[in-house]
Amino acid sequence: MSRAQAEGVIKNIIREIVQECAVKGHAVSETLVAFMVKAVVLDPTNEFNVDRTLTKQDVQKLEELCVDKLMEKCSPTLDTIKMQVYFDMNYTSRREFIEEHRRVLQSRLSPVSREITDSRVKTRDEVEAVYRKIIDYVLLRSGMGSPTDVSTQREATAALQSVFPQPELGAFMSLVKKEKEQQLSELTMVVAGIRLFNKFTKKGGEGIDDLPAILNEVLPATSKGIENELSLSQSLAWKYTALLEKLTDSDRQTGERDVSLDLLRQALYNVRQHEVFLKVILADVCLCAKQVELLQTQLVLQMKLLKETVHSKTAVPTAQVFPHFTALAELWSGLQDEMGLLNILGSMAVNLQPFLAAQSEIFTEARLDERLEGAEVKTDEQRMTESADDRIDPFEIKTQEWLLPETTANFDKLPLQYNGVCGFTLVNKDGLLLPGNPSIGVLKHRERFYIFSSKEAALKFASAADGFIAQVAEKTKRSPELIQLLELHQQFACVTPYSEMQSGESFLVKPITKCDSCTQTETHPLETNIVKSYEWNEWELRRKAMKLANLRTKVTHSMQTNLSHMRRDNATQTFLPKDAACQSKRDGETNVPRPGVYLAGLRGDKTGHVIKTNLTRSIDE
């Protein structure tokens, strides 16, 4: 079966699971179901072998297990997976957020823009209607006031008339559609700049919000709210970590396990994932604050420059003032983008909160404090401080490569494995997550970097690194939420199932046994020995020779299409008429005697004879 058919089979399985959950009154997305199918197949306790063919019974079992897991109530694992799916589907980079925001705005304005560019005006009323539509478009596109506000409409009309009078609408309508759209965009920026200048000079600016002041209020409030949520999640993570350490202590195991260790681990993974996402959002909010500060500084400087250009003059050349208005509007648009991005980030932080409901319901604050009686709750910073002085000596294990802060450039930018979690503790303490300390030393193993919570953990991990890496993978298979929490997507991407039908009743799930690899060689060690025209392949030389031979019989042709004949300058050259003459044989002439004959006796000679006398002169005379 082809790959496309195999993907269709998997989509059918996912669709059936979605429908089954909907029948039971639980709406789930296909993305969540796809992740759950992968998690169920990975879990070794479910006994799905990816190297053998699955029967219909196996497929039915897979669907039942997925439905049961998706229908679980009060499950921290399910909440964590839902949180990860929500974040993956809604979060992207700053640039893509802003581009998407502008794309949505443009799509909403496209009907208005289409009405303007596609209209054909014939009467005066139609001209006025199109001009009003342009004013509405300018207001909507700039986001500076409502088109229904009378004072805003009046001010925008005055600004537009100063740069684009209504009589010029005829020339505008004669343009092609793309040129119309470009001119509308330019008019929007110039009019927005004029209105902003009027606002800052206290001469107008009706309906324009004071964005700098609003951002100066919203930014600290948003940062503080996210920091508070982050502090609560970190506090819960430290308590869960301390309780797990207490319960897994060999001296205290008896009689104190009235709390499920599995649920504790699931709750720890839940709050740690929430902490990671909040840190990502908070970092973007901090970038917003820096960008807003930069934009506000540039806005003040641009306004000062514009005032110096105008300087109470009655008339200023458009070539001098329009670029300043456009720059002012672009800076204001940047502030609007930051405001929109800040709203999105704040909403995402709020929407992550419901995914903590299960763990907070199972382990209330009072119950946690009761179980933690007599145990020391350490923060991540305290653990880092305690282990900072116990550093690795690279000569202790010479078979491994160790990186230290003082001997490694860009040490703080190393791509750490397991998202900075100690892999040895994860294996040795049955899934406990402890942050690693880079100051101890970073292990470089197979081009990957690992950090640890203590020197002892680092030495033990380094002595059998491959074995510990395999055990971490097994732990992750049993707790699928760790795939994203520990950033192990690439390691488990090869287990994505695809199907091959056999005898019409089964499909085969196989791993994709491919990997990216690269090699690097030094082509020419000595630069002086490089011959640019050298070619080792004789067939390549033959191809070049044939190409050159063919060029001798070729001429250059050009053509135009209906769309391009008005887009470029065409020129032809002719020869002017000139006087021309040619010379053949030369003219010649001859002079001969005129023949003369006299007849005598015509008048009646008595004899009746006529005498003929030749009077022609001789040529020789």
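Semi-axes of the equivalent ellipsoid of region 394-456: what are they in whole Å, largest first, if each equals the square root of 5 times a C-alpha gyration tensor eigenvalue? Could you put the intermediate results ahead of the total?
On the way: eigenvalues 75, 36, 21 Å².
For region 394-456, the semi-axes come out at 19, 13, 10 Å.
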Fill in: Accessible heavy-atom area order of Ser333, Ser113, highest first, probe of 1.4 Å
Ser333, Ser113
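Quick check on packing: order 224-234, 130-140, 364-374 by the mean number of other C-beta atoms within 10 Å, highest mean leading. Let's see the in-between values first.
On the way: 224-234: 16.4, 130-140: 19.8, 364-374: 11.5.
Highest to lowest by the protection proxy: 130-140, 224-234, 364-374.
Summarise the long-distance tail of P(r) for region 570-621 by giving the % of C-alpha pairs beyond 14 Å. Write out the running numbers ahead of the final one.
Details: 1010 of 1326 pairs.
Value for region 570-621: 76 percent of Cα pairs lie more than 14 Å apart.
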Worksheet item: Over the Cα atoms of region 40-90, how large are the radius of gyration and the largest Cα-Cα distance (Dmax), in Å?
Response: 13.3, 36
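From the cross-link list Lys429/Lys477; Lys180/Lys307; Lys199/Lys224; Lys69/Lys239; Lys224/Lys378; Lys24/Lys73, which pairs have alpha carbons spaced over 20 Å apart? Walk me through the intermediate numbers first.
Numbers: Lys429/Lys477 16 Å; Lys180/Lys307 30 Å; Lys199/Lys224 31 Å; Lys69/Lys239 27 Å; Lys224/Lys378 24 Å; Lys24/Lys73 13 Å.
Correct reply: Lys180/Lys307; Lys199/Lys224; Lys69/Lys239; Lys224/Lys378.
Determine Rg/Rh for the chain; Rg is computed over alpha-carbon atoms and Rh is the Kirkwood hydrodynamic estimate from the same atoms.
Values: Rg = 44.1 Å, Rh = 33.5 Å.
The Rg/Rh ratio comes out at 1.32.
Placing unit charges on C-beta atoms (Lys and Arg positive, Asp and Glu negative, everything else neutral), compute the dipole magnitude of the chain about its Cα centre in debye, rounded to 20. Spell out each step's value before the answer.
Details: 78 positive and 86 negative charges, 890 e Å.
Its charge dipole is roughly 4280 debye.
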Worksheet item: Considering the dipole of region 180-301 built from charges on the beta carbon (Lys and Arg +1, Asp and Glu -1) around the Cα centre, which of Leu184, Leu294, Ala221 is farthest to its positive end?
Response: Leu184
Practice prompt. Whole Å is fine, so just give me how far the alpha carbon centre of region 190-254 lies from that of region 114-149.
Written response: 39 Å
Fill in: Long-range HN-HN contacts of Phe449 with modeled amide H, under 5 Å
Gln417
Discussion item. Classify region 89-137 from the C-alpha gyration tensor, please: rounded if a/c falls under 1.5, else prolate or oblate depending on whether a/b exceeds b/c.
Written reply: prolate
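Using heavy-atom solvent-accessible surface (probe 1.4 Å) with all chains present, what is the largest-first order of His609, His445?
On the way: His609 120, His445 20 Å².
Most to least solvent-accessible, the answer reads His609, His445.
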Practice prompt. Using the charge dipole of the chain (Lys, Arg: +1 at Cβ; Asp, Glu: -1 at Cβ; taken about the Cα centre), state which of Ser333, Val597, Leu62 has its Cα farthest towards the positive end.
Written response: Val597
Discussion item. Which one, Leu305, Pro167, Ala27, is farthest towards the positive end of the dipole of the chain when Lys and Arg carry +1 and Asp and Glu -1 on their Cβ?
Written reply: Pro167
Fill in: Accessible surface of Cys74 - all protein chains present, 1.4 Å probe, nearest 10 Å²
50 Å²
Worksheet, complete the sentence: Of the convex hull drawn through the C-alpha atoms of region 82-174, the volume per residue in Å³ is 143 Å³
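State the three equivalent ellipsoid semi-axes of region 264-322, derived from the C-alpha gyration tensor as the square roots of 5 times its eigenvalues, in descending order and whole Å. List each step's numbers first, then the result.
Details: eigenvalues 530, 15, 6 Å².
With the √(5λ) rule applied to region 264-322, the semi-axes are 51, 9, 5 Å.
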Worksheet item: For Arg542, Arg15, Arg552, what's the largest-to-smallest order of accessible area, 1.4 Å probe?
Response: Arg552, Arg542, Arg15
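With all protein chains present, how much of the accessible area of region 53-108 (probe radius 1.4 Å) comes from carbon and sulfur, to the nearest whole percent? Intermediate values should be presented prior to the final figure.
Details: 1610 of 3230 Å².
C and S fraction of accessible area: 50 percent.
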Worksheet item: How much accessible surface does Lys304 have with a 1.4 Å probe, in Å² rounded to 10?
Response: 120 Å²
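Counting only heavy atoms of protein chains, what accessible area per residue, in Å², does the chain have with a probe of 1.4 Å?
Values: 39140 Å² over 621 residues.
Here the per-residue accessible area is 63 Å².
In whole percent, how big is the carbon plus sulfur part of the accessible area of region 351-457, probe 1.4 Å, protein atoms only? Walk me through the numbers before you get to the answer.
Working: 2710 of 5790 Å².
Carbon-and-sulfur percentage of accessible area, whole number: 47.
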Item to complete: When you have a sec, figure out the Kirkwood radius of region 302-399 from all distinct Cα pair distances and drop it here in Å to one decimal?
Response: 21.1 Å
Worksheet item: Where does each of 28-41, 588-601 land if you order them by average Cβ count within 10 Å, highest first?
Response: 28-41, 588-601
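If packing is taken as the average count of other Cβ atoms within 10 Å, what order do 415-424, 88-97, 375-384 fall into, highest mean first? Display every interim value, and only then the final one.
Working: 415-424: 19.6, 88-97: 12.3, 375-384: 14.2.
Put in order of decreasing packing, that is 415-424, 375-384, 88-97.
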Practice prompt. Return, for the Cα atoms of region 1-145, the radius of gyration and Dmax in Å, separated by a comma.
Written response: 25.4, 79
Worksheet, complete the sentence: Taking the alpha-carbon centre of each part, the distance from region 280-344 to region 354-395 in Å is 46 Å
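If you stretched the chain out fully between Ser185 and Glu72, how much longer would it get, using 0.36 nm times the residue separation minus the C-alpha to C-alpha distance?
Numbers: separation 113, 0.36 × 113 = 40.68 nm, distance 5.27 nm.
Fully extending the segment from Ser185 to Glu72 adds 35.4 nm.
The values are calculated or read from the model by the stated rules, or taken from the named source; none is laboratory data. These numbers were taken from a predicted model, which means no experiment stands behind them. All Cβ positions, glycine included, derive from the backbone under ideal geometry; neighbour counts span all protein chains shown. All accessible areas refer to the heavy atoms of the entire protein, side chains included, with ligands and DNA or RNA removed. Shrake-Rupley method; radii C 1.70, N 1.55, O 1.52, S 1.80 Å.
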